[in-house]
1. Give Ala92, Ala88 a once-over and let me know the one that is open to solvent by less than 70 Å² (accessible area, probe 1.4 Å), of a type in the set (Gly, Ala, Ser) and within 16 Å of ligand 2 (Cβ to nearest atom).
2. Return the residues of segment 311-330 that are closer than 19 Å to Val276 by Cβ and assigned to a strand (DSSP E or B); say none if nothing qualifies.
3. Are any of the residues in segment 324-338 open to solvent by 10 Å² or more (accessible area, probe 1.4 Å) and either acidic (Asp, Glu) or within 17 Å of Ile257 (Cα to Cα) (or both)?
4. Looking at Lys23, Lys59, which one is among the basic types (Lys, Arg) and touching a Leu at 6+ places or on another chain (Cβ under 7 Å)?
5. Would you confirm whether or not segment 160-168 contains a residue that is among the charged types (D, E, K, R), open to solvent by 50 Å² or more (accessible area, probe 1.4 Å) and part of a loop (DSSP other than H, G, I, E, B)?
6. Any residue in segment 33-53 that is in the same structural domain as Asp112 (by TED's automatic domain parsing) and among the β-branched types (Val, Ile, Thr) sitting within a Cβ distance under 7 Å of a residue that is crowded, with 21+ Cβ neighbours inside 10 Å and part of a loop (DSSP other than H, G, I, E, B)? List the pairs, counting only those 6 or more apart or interchain.
7. Considering only segment 53-67, I want to know if a residue exists there that is modelled with pLDDT of 95 or more, of a type in the set (Ser, Thr, Tyr) and under 26 Å from Glu93 (Cα atoms).
8. List pairs: first residue in segment 203-226 and over 17 Å from Arg115 (Cα atoms), second residue within 12 Å of ligand 1 (Cβ to nearest atom) and open to solvent by 20 Å² or more (accessible area, probe 1.4 Å) anywhere in the structure, Cβ distance under 6 angstrom, at least six positions apart or on different chains.
Amino acid sequence: MQALILAGGQGTRLRPLTVHTPKPIVPICNRSFLLYQIDTLRDAGITDITLSLSYQPHKIEQLIGDGSAHGVKIKYTVEPQPMGTAGAYKFAEELIREPTVVFNGDILTDLDLERVIREHNARRAAATLVLAPVENPSAYGLVETERDGRVRRFLEKPKPDEISVNTINAGTYVLEPRVLDLIPAGENYSFEYQLFPDLLARGEPFYAHIPGHAYWIDIGTTARYLQVHQDLLAGRVGHVNLDGRRGEFMSTAGAEIDALSLVARDCTIEAGARVVNSVLGEGCHVEANAVVEDSVIWSHTRVCAGANVSGAIIGRGCHVGRAARVGAGATLGDETSLSDYTQTGGAL
Ligand code: GDD
Ligand code: MG
């Protein structure tokens with residue numbers, strides 16, 4: 001079994017965070033997102049992994065390298081322009097000889113992947129896709145199934161009156177290499193709008209895997225980017241244990257850092273400051289009496305005295321001036337500087 005990670009999207013819904021950092025490597029609890037997916041694959045015994053890139057590929061290659069630091073072998077394909085999800089798989093055709101696990105490069109899950117593969121093999125499926133239940137399927141691919149698990153209908157981004165079930169495409173597939181023959185070469189082509197409906201029309205054995213209990217999230221919007229942090233801090237994601245990474249900070253006496261928060265190396269939290277249910281990247285400085293709660297702050301950012309950051313995301317190397325208030329929903333791009341007393345974001 002091989003794997004292909006679709007990591008070429010532009011991450012527009014995560015802007016401004018993705019202006020300098022492509023979505024596949026945004027930090028999640030201070031670790032590049034793709035490393036969680038690589039862990040999942042390696043733990044399922046899959047070490048031959050191709051990363052399919054298009055947007056800012058060099059930053060990703062530089063960070064992940066040949067994969068040896070993570071116990072896997074990484075190869076890369078770089079599309080001259082985005083080829084679409086299925087087009088990206090076709091573009092990697094020369095590297096694909098075996099059945100392949102394909103991941104959307106923005107989903108975090110604690111799914112039992114080996115079980116998905118066993119089920120795929122037992123059913124002799126041409127393609128298996130994993131389902132997740134969500135409250136509102138309109139931002140996803142809606143999937144209806146038959147009793148025996150066969151996919152009956154696939155409808156990408158359904159309109160409100162088209163929503164018949166709450167099960168959606170979780171962005172994890174197992175594909176037999178013969179599926180490649182159904183994708184035209186050199187064209188932009190979509191799994192969701194083209195290949196999957198085509199598999200159904202051809203009557204191919206196309207199945208859904210329904211996990212018993214699994215955590216699943218697409219990190220591709222700022223709201224969900226914040227949500228995945230809250231879930232990881234609260235221990236809601238299996239296989240990810242943050243305990244060994246908590247408490248590496250430096251701090252002056254008299255600061256308060258709650259047990260949920262994750263503070264990276266070389267941070268300074270001054271007396272009277274409070275850090276609650278938050279993640280701070282390396283080298284951050286939280287000055288006296290500032291409060292950071294329910295927030296994510298990337299490395300080398302300074303939160304000045306008496307400032308309050310709540311329910312916000314702040315990029316690298318930012319400056320939050322004295323007594324400034326950064327409220328719910330605010331997302332600041334790298335190197336933003338807010339002058340003293342600025343008020344931004346939702347109600348505090
Ligand atoms: N290489 C490459 N080339 N990758 C791409 C391209 C491309 O042209 N276009 C998108 N991708 C990657 C993105 O980087 C992302 O990891 C993945 O493909 C899915 O693209 P998104 O833009 O995040 O799609 P979505 O979230 O709206 O919908 C998809 O994911 C949902 C689950 O999160 C669909 O697959 C839905 O059906 C699904 O429910
Ligand atoms: Mg997505």
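1. Ala88
2. Within segment 311-330, Ile313, Ile314, Val320, Arg325, Val326 meet the criteria.
3. Scanning segment 324-338 turns up at least one residue that is open to solvent by 10 Å² or more (accessible area, probe 1.4 Å) and either acidic (Asp, Glu) or within 17 Å of Ile257 (Cα to Cα) (or both).
4. Answer to the check: Lys23.
5. From segment 160-168, those among the charged types (D, E, K, R) are 161-162; that's our starting set.
Still in the list and also open to solvent by 50 Å² or more (accessible area, probe 1.4 Å): 161-162.
Next cut, part of a loop (DSSP other than H, G, I, E, B) only: none.
The answer is no; no qualifying residue exists.
6. Thr50/Ala92
7. No, there is no match, as no residue in segment 53-67 is modelled with pLDDT of 95 or more, of a type in the set (Ser, Thr, Tyr) and under 26 Å from Glu93 (Cα atoms).
8. Ile217/Arg224; Gly220/Arg13; Thr221/Arg13
The values are calculated or read from the model by the stated rules, or taken from the named source; none is laboratory data. This is a predicted model, so every value here is computed, not measured. Using ideal geometry, Cβ is built from the backbone for each residue, glycine included, and neighbour counts are taken over all protein chains shown. Each accessible area value is taken on the protein alone, full model and side chains, heavy atoms only, with ligands, DNA and RNA left out. Shrake-Rupley method; radii C 1.70, N 1.55, O 1.52, S 1.80 Å.
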